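All remarks here apply to the structure that follows.
The values are calculated or read from the model by the stated rules, or taken from the named source; none is laboratory data. Being a predicted model, the structure only gives us computed values, none of them experimental. Every residue, glycine among them, receives a Cβ derived from its backbone with ideal geometry; neighbour counts consider all protein chains shown. Heads up: the accessible areas ignore ligands, DNA and RNA and are worked out on the full protein's heavy atoms, side chains in. Shrake-Rupley method; radii C 1.70, N 1.55, O 1.52, S 1.80 Å.
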Amino acid sequence: MKIRALALALGVAASGAVSAAGEVEVLHWWTSGGEAAALNVLKDDLSSKGVSWADMPVAGGGGESAMTVLRARVTSNNAPTAAQMLGYDILDWGKQGAAADLNAVAAKEGWDAVVPAALQNFAKHDGKWISAPVNVHSTNWVWANKAIFDELGLSAPINFDELVATLEAIKKAGYTPLAHGGQAWQEATIFDSVVLATGGVGFYRKALVDLDADALGSDTMKTVFDRMAILRSYVDDNFSGRDWNLASAMVIEKKAGMQIMGDWAKGEFLNAGQKPGDDFMCFRFPGTSGAVTFNSDQFMMFKVGSDRRDAQNQLASSIMAPSFQSAFNVVKGSVPARTDVSDADFDACGKKGMRDLASANANNTLLGSLAHGHAAPASVKNAMYDVITAHFNGEYSSADAVSELVAAVDAAK
Ligand code: BGC
């Protein structure tokens, strides 16, 4: 009230900066160097509007730990203003009646017209906007060390056999071929690409989105697991439990040839001062070009008291501003969640990401990432994680993994 009175006295009552003053408490899992740099773009933007930021970081790529902490917070009636969230998790909170209604700000700013339907499907519940999408990431990428590729005369492989030949050449030269962190979500991230490369768009959809038992139990799925085992043979001995950003660092430091990871990895390369084309290469996982396995980070807004609503709306509005979507995603490695943002400030990988997303959207080859919560609800996703990771660690043969997958999905549905 005091601030409003002062603002009126100063004649600036209509300025967003003053009316939005307040605090937002935000739960997220952006704790790596590149992620923190991107988050700072958001914090600074809000601070310039008079909104302060109470940080609730919960480390752990893919956000599983963050979701566990969030559940505990909401259950004890202590929901944050907003939480970083993926796909089906957003819809779950919507169903539980925990979400704020952002329709007023969304209507005023015309979100319906600029956010692709594939994202709106996860940002709305019951016709109401409950979440603000900040980006689109995709998981079917490979990040490679340019110096190693140049030294060995290698170029980007275009199919699985070429990928294996490339990994083999890197191994012979004494580098770790594949930088990988042994965590279930990282193995599932590779699985997204291998399913798409092996079975194509139709198979990916049938198996991972429709959860069709025949597709899940097919020979094609056995080939997927065989290929996962081949990739497993190119990781180093110390991969267990390694965080994804430390795997990126192996490529950055020329210890490893490549990493199969979503484009948040680019944030690590940039944060280390590297440039695409000069120091590192980005290319689509061999055999997947033309399609995109996407995940969109959104900030799902929780119901808050009237004292926190202005700041919450300002957070939503800031996230959706076109200039912010450009500035943030240039640093994060992702691409804008709005279709009307220019690619002028993006590097070559970002420009390619934007082109690929637009054409996948137009050609119906845009697929939700299983690993990152956009293909199936958390119960199914976690059931698949268990099988994928057990197989990766040699607990199942490929044939056993296929039957375990069918059974696990059936039980979790
Ligand atoms: C998120 C990214 C994040 C990555 C690693 C993904 O699920 O969408 O924003 O950088 O996990 O933490």
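Any chance region 391-404 includes a residue that's of a type in the set (A, V, I, L, M, F, W, C), in contact with a helix residue (DSSP H, G or I) (Cβ under 7 Å, 6 or more places away or on another chain) and surrounded by fewer than 21 Cβ atoms within 10 Å (Cβ to Cβ)? Yes. Applying the condition of being in contact with a Phe, Trp or Tyr (Cβ under 9 Å, 6 or more places away or on another chain) and away from the ligand (no atom under 14 Å from the Cβ) to region 25-69 and asking which residue is nearest to residue 380 (Cα to Cα) yields 25.
Comparison of 75, 81 shows that the only residue that is more than 16 Å from the ligand (Cβ to nearest atom), on the phi < 0 side of the Ramachandran plot and open to solvent by 20 Å² or more (accessible area, probe 1.4 Å) is 75. Being under 25 Å from residue 375 (Cα atoms) and in a loop (DSSP other than H, G, I, E, B) holds for only one residue in 59, 79, and it is 59.
Figure legend. Inter-residue proximity from region 89-118: first residues open to solvent by less than 30 Å² (accessible area, probe 1.4 Å), second residues of a type in the set (Asp, Glu), beta-carbon distance below 9 Å, spacing 6+ or different chains. Indicated pairs: 94/126; 106/112; 114/340.
Among the residues that make up region 231-241, is at least one of them in contact (Cβ under 8 Å) with a residue 40 or more places away in the chain, assigned to a helix (DSSP H, G or I) and assigned by TED's automatic domain parsing to the domain that holds residue 145? Looking for residues that are in contact (Cβ under 8 Å) with a residue 40 or more places away in the chain, assigned to a helix (DSSP H, G or I) and assigned by TED's automatic domain parsing to the domain that holds residue 145, one finds at least one in region 231-241, hence yes.
Selection over region 318-345 of residues that are on the phi < 0 side of the Ramachandran plot and part of a loop (DSSP other than H, G, I, E, B) gives a count of 12.
For residue 381, the conditions (1) more than 16 Å from the ligand (Cβ to nearest atom); (2) open to solvent by 10 Å² or more (accessible area, probe 1.4 Å); (3) part of a helix (DSSP H, G or I) all hold with the exception of (1). Annotation: residue 138 fulfils all but one of (1) away from the ligand (no atom under 16 Å from the Cβ); (2) touching a residue at least 24 places away in the same chain (Cβ under 8 Å); the unmet one is (1). Looking only at region 100-157, residues that are basic (Lys, Arg) and either in contact with a Leu (Cβ under 8 Å, 6 or more places away or on another chain) or part of a strand (DSSP E or B) (or both) come to 2 in all. Within region 271-317, the set of residues being within 16 Å of the ligand (Cβ to nearest atom) and either on the phi > 0 side of the Ramachandran plot or surrounded by fewer than 22 Cβ atoms within 10 Å (Cβ to Cβ) (or both) comprises 271, 272. Would you check if residue 245 is at pLDDT 95 or above, open to solvent by 10 Å² or more (accessible area, probe 1.4 Å), more than 16 Å from the ligand (Cβ to nearest atom) and not in a strand (DSSP E or B)? No.
Take the conditions (1) within 20 Å of the chain's Cα centre (by Cα); (2) in a loop (DSSP other than H, G, I, E, B); residue 396 misses just one of them, which is (1).
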